[in-house]
Every structure is written in structure tokens, then in C-alpha cells.
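Heads up, the thing below is written out as C-alpha cells.
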Amino acid sequence: MNIVSNFEVRLQETEIVENLRREGRGPATASNRLKALIHESLAMAKKEARPTAAYQWVDLVKVDGASFISGISGATRIRSHVLQRVLRYCDQAVVFVTTLGLDMDRLICKAASIGIYYGFVMDFVASRLAEQSAESFQRGFEKTLPSHRSMTLRYSPGYCDWPLDQQEDLFHILKDNHIGVRLNQHCLMQPEKSISGIIGVGPKDLIENTKNACRACRRNDCNHRRNI
């Protein structure tokens, strides 16, 4: 198991305002009160966040054109049509989990005890910080690959058509992650602001056109669409 910690996470207040608007959870124009609350919440969240990641390399085995993760009871099929297309040309993958730590969960609970609005903003800020943490981890990891190799975008159980319960297969690999992330009986992670998933790795010239599942998706209004 490989551990990465203290990596830089960049998040600006303007990004939070834009994400609130795009997801329909905030006004078209942020009020001064909302801007002040975002400013305060982001400062507190950055102070409490402990971005840490654990990851493990796995081989992807092809059986009748489908990708299987090697090492889980022999080999386990990835139960997602979308992800199967993404991983079509990948021969390896990185199974990972990133977290902001338990202190972030405590901060959100404290904010919620002050008021619903305060708790909502803090939770949203922490969620964006968790997303940026995962992005930062992937950017740093990609720099270590040789020039002829590249990686797909990251994908997590529960997104697209990938069943949430396949978290159990990922955590079979990540069970000794040493960063304190555990899976509960509902396949949800604790601490709450944690992200797990898989990143395919393969020949750069082959996976360039398949690495982003959003390119083939017709849901142009999806809040999670990645135009990369």
C-alpha cells in the first residue's frame, strides 16, 4: 500500500460560488452574506483538512473483451458498461482512496449545530475540497508515468452506471490503507469527505479517446460532466 500526504489542494472562493450556481444550489448572483460565509468556511476547512491518499497498483485482465481487476478472489469483473469502455485499452489501474480526515467531519457537525445554512455551506465547501484533493492526487500521480503511458479520468462506485456496492471490491484491496478510511454496512465511507475509485493506465495513443466517459454521454445537463 502506498501513502501520499500533505499534497497541495487549490480551491478558490469563486469556484465554490460557481459550483453552487451550476448545481442549482445557490443564487445566480451570490449575496455579500453568502460570499462572507464561503470565505469563512473555506478558511476553516483548509485549516482542518489533512489531505491524504492511499493507492495500490493492480493489473487489469481481459476476458472476452471485458476488464477484470486481478487479485480479488482471482479476478473480479468491473460491473459497469461505461467503465468497461473507458478501460478498454488499459492493462493496469490504480485503486485509490483520498480523505480530508475526521477533523473535517467534526467541523461540519459543529457548523450544522450553529445553523442549517451555516452547516450547508460548510458541507458544500468540504465536498469541493475533497474533490480537489482527489484531483490533486491524480495530477501528481500522472507526472510519474513514462511519456508513452497515460491515465484515464478517475471513476468512483455510485457514479455513471457503476453500482455503489462494488466499493466492497475496492476496499478488499484498500482494507489496510493506513489512513483511517473505512467502509460501513451501506458501502459509504467514513470519514465522510473521502473519495475512492479507480484510474485506468495504458498506452497513451490508445486511451486518449476513451479515457473520458462524458464524451460519449448525451446528458449535457449533468452537473458532474467533465469537459476534458
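The values are calculated or read from the model by the stated rules, or taken from the named source; none is laboratory data. These numbers come from a predicted model, not from an experiment. For neighbour counting, all protein chains shown are included, and Cβ atoms are generated from backbone atoms with ideal geometry for every residue, glycine included. In case anyone asks, the SASA skips ligands and DNA or RNA and just uses the protein heavy atoms, side chains included. Shrake-Rupley method; radii C 1.70, N 1.55, O 1.52, S 1.80 Å.
Accessible surface for His186 stands near 120 Å², nearest 10, in the context of the full protein assembly shown (1.4 Å probe).
Take Glu18: with every protein chain present and a 1.4 Å probe, its accessible area is about 70 Å². Taking label positions 7 Å along the Cα-Cβ direction at both Glu208 and Asp64, the computed distance is 3.3 nm, reported to one decimal.
Could you give the accessible area per residue of the stretch 84-171, probe 1.4 Å, as a whole number in Å²? Working shown, then result.
Working: 3750 Å² over 88 residues.
That works out to 43 Å² per residue.
A convex hull fitted to the Cα coordinates of the chain yields 128 cubic angstrom per residue. Determine which residues of the stretch 1-32 fall in the zone a paramagnetic label at Lys143 would reach in this model, i.e. backbone nitrogen under 14 Å from the point 7 Å along Cα→Cβ. Answer for this model: 5-10. Under 16 Å of direct C-alpha separation, and excluding same-chain neighbours fewer than eight residues apart, Lys47 reaches these lysines: Lys110, Lys193. With the convex hull constructed from alpha-carbon coordinates only, the stretch 58-153 shows a mean projected area of 8.5 nm² over all directions. Counting only heavy atoms of the protein chains and using a 1.4 Å probe, Arg10 has close to 150 Å² of accessible surface. Note on the chain: with neighbouring protein chains present and a 1.4 Å probe, carbon and sulfur make up 50 percent of its accessible heavy-atom surface.
Prolate is the label for the stretch 37-102, because a/c, from the alpha-carbon gyration tensor with a ≥ b ≥ c as root eigenvalues, is 1.5 or above and a/b exceeds b/c. Sorting Lys143, Lys175 on solvent-accessible area from highest to lowest, probe radius 1.4 Å, gives Lys143, Lys175.
Got a sec? What order do Asp176, Asp91, Asp105 fall in by accessible area at 1.4 Å, biggest, i.e. largest, first?
Numbers: Asp176 90, Asp91 65, Asp105 30 Å².
Descending order: Asp176, Asp91, Asp105.
FRET efficiency for the pair Arg85 and Arg22, taken as 1/(1 + (r/R0)^6) with r the Cβ-Cβ distance and R0 = 25 Å, rounds to 0.45. Remark on Gly197: its backbone amide H falls under 5 Å from those of Phe96, a criterion applied only to residues 5 or more positions apart or on other chains, H modelled at 1.01 Å from N.
Under 5 Å between amide hydrogens, built in the peptide plane, is the criterion, and for Thr52 it picks out Thr99 among residues at least 5 positions away or on other chains.
Using the Karplus relation 6.51 cos²θ - 1.76 cosθ + 1.60 with θ = phi - 60°, the per-residue 3J(HN,Hα) values for the stretch 142-149 come to 4, 5, 8, 7, x, 4, 8, 10 Hz, with x marking Gly and Pro.
Can you give the FRET efficiency to the nearest 0.05 for Leu164 and Glu13, using r as the Cβ-Cβ distance and R₀ = 30 Å?
Working: r = 31 Å, r/R0 = 1.05.
Efficiency, from the Cβ-Cβ distance: 0.45.
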